[in-house]
Amino acid sequence: MTKIHQEIFGKGKTIVLVHGWAMHAGIWREFAMQLAQFYRVILVDLPGHGHSEKINSFTLEQVTAELVKAIPEESCCWLGWSLGATVVLDIAARYPERVTSLMLLAGNPLFIQTAQWPGMNMRLLDEFSGHLTNDCQATLLRFLSLQVRALPTCKTLIKALKTSVFECEAPDNNTLQGGLAILKQTDLRFYLSKLTMPVSVVLGGMDALVPVDAGQKMQQLLPQLDLNIIESAGHVPFLSHSSETLAIISRFMDQQCI
């Protein structure tokens with residue numbers, strides 16, 4: 001079995017936090033410590049990220065299988081941010097018995113924009129893919145700046161993101177390209193519409209990667225979906241608006257059975 005790095009804090013109902021593209025569990029740590037005052041929080045590094053071992057093929061099916069094998073809880077809440085939201089949504093679709101509830105933070109079941117669905121421009125993701133081989137670090141920094149550039153605290157947030165991200169070596173090119181391929185090729189809208197466990201979505205009103213309009217589209221697919229908009233947040237609300245994000249998570253978690 002692939003070694004999946006985990007960090008565990010607190011006690012109570014369990015929440016597994018899954019990070020986004022090119023990141024690692026360290027991005028959550030400060031936020032997780034706040035969350036751990038009320039819940040048992042498990043941070044994981046995706047395969048090939050942070051301190052987790054690489055897998056031969058960084059595909060969505062392989063990634064979700066490795067995470068499910070690594071987490072000992074029979075069933076718990078899974079919370080994913082950005083690419084991590086795609087991962088936890090896939091886990092809920094493939095392994096519903098392992099998911100008591102689901103939270104998508106700045107996530108989208110179809111990450112790419114189409115004529116009928118709000119998302120990220122495919123050309124921009126293709127640019128990231130092309131630049132990774134030539135200058136990985138510069139590409140990652142550009143991606144980080146996109147996540148917070150519209151916020152008044154942009155400089156402070158970029159500094160915090162850089163500190164967290166470069167705490168570990170960047171994933172190798174194959175892993176990074178695999179993550180981008182998941183974002184470009186995955187469409188989980190049908191599976192979202194069929195979920196039966198409680199689902200909550202948290203979006204930033206100023207998110208440059210996941211348009212806030214995607215929230216209403218998701219709610220049309222799953223009418224019982226709990227939709228939350230933090231109007232002045234961007235793509236990293238757990239860093240820029242941690243109090244509001246914590247309040248949303250706590251309210252959602254407290255509605256669930258132990």
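The values are calculated or read from the model by the stated rules, or taken from the named source; none is laboratory data. Quick caveat, the model's predicted, so the values are computed rather than measured. In this analysis, Cβ positions are derived from the backbone assuming ideal geometry, glycine residues included, and neighbour counts consider all displayed protein chains.
What to note about this one:
- Scoring M206 on the criteria (1) surrounded by fewer than 19 Cβ atoms within 10 Å (Cβ to Cβ); (2) of a type in the set (A, V, I, L, M, F, W, C); (3) farther than 26 Å from R123 by Cα leaves a single failure, condition (3).
- Scanning segment 39-64 for residues that are closer than 12 Å to F9 by Cα and in contact with a Ser or Thr (Cβ under 6 Å, 6 or more places away or on another chain) yields a single hit, R40.
- A residue that is aliphatic (A, V, I, L, M), at pLDDT below 95 and not in a strand (DSSP E or B) occurs somewhere in segment 234-252.
- Scanning segment 24-36 for residues that are in a loop (DSSP other than H, G, I, E, B) and closer than 18 Å to E169 by Cβ yields a single hit, H24.
- Contact annotation: residue pairs with Cβ atoms under 8 Å, 6 or more positions apart or on different chains, pairing a residue in segment 13-35 that is more than 17 Å from A85 (Cβ to Cβ) with a partner that is among the basic types (K, R) and surrounded by fewer than 22 Cβ atoms within 10 Å (Cβ to Cβ), are K13/R40; T14/R40.
- Meets criteria (closer than 21 Å to H241 by Cα and of a type outside the set (K, R)) for A92: no
- Residues that are small (G, A, S) number at least 2 in the following helices (runs of 4 or more DSSP H) confined to segment 143-228: 154-165, 173-185, 214-221.
- Any hit, segment 3-11, residues being modelled with pLDDT of 95 or more, touching a Leu at 6+ places or on another chain (Cβ under 8 Å), in a helix (DSSP H, G or I) and surrounded by fewer than 21 Cβ atoms within 10 Å (Cβ to Cβ): no
- Set side by side, the residues T2, T64, T100 differ, and just one is in contact (Cβ under 8 Å) with a residue 60 or more places away in the chain, more than 18 Å from P198 (Cβ to Cβ) and of a type in the set (V, I, T), which is T2.
Rundown of residues vs (1) at pLDDT below 95; (2) within 24 Å of L161 (Cα to Cα); (3) assigned to a loop (DSSP other than H, G, I, E, B), yes/no style:
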| position | (1), (2), (3) |
| --- | --- |
| A22 | yes, yes, yes |
| H49 | no, yes, yes |
| E53 | no, yes, yes |
| S57 | yes, no, yes |
| V63 | no, yes, no |
| E66 | no, no, no |
| C77 | no, no, no |
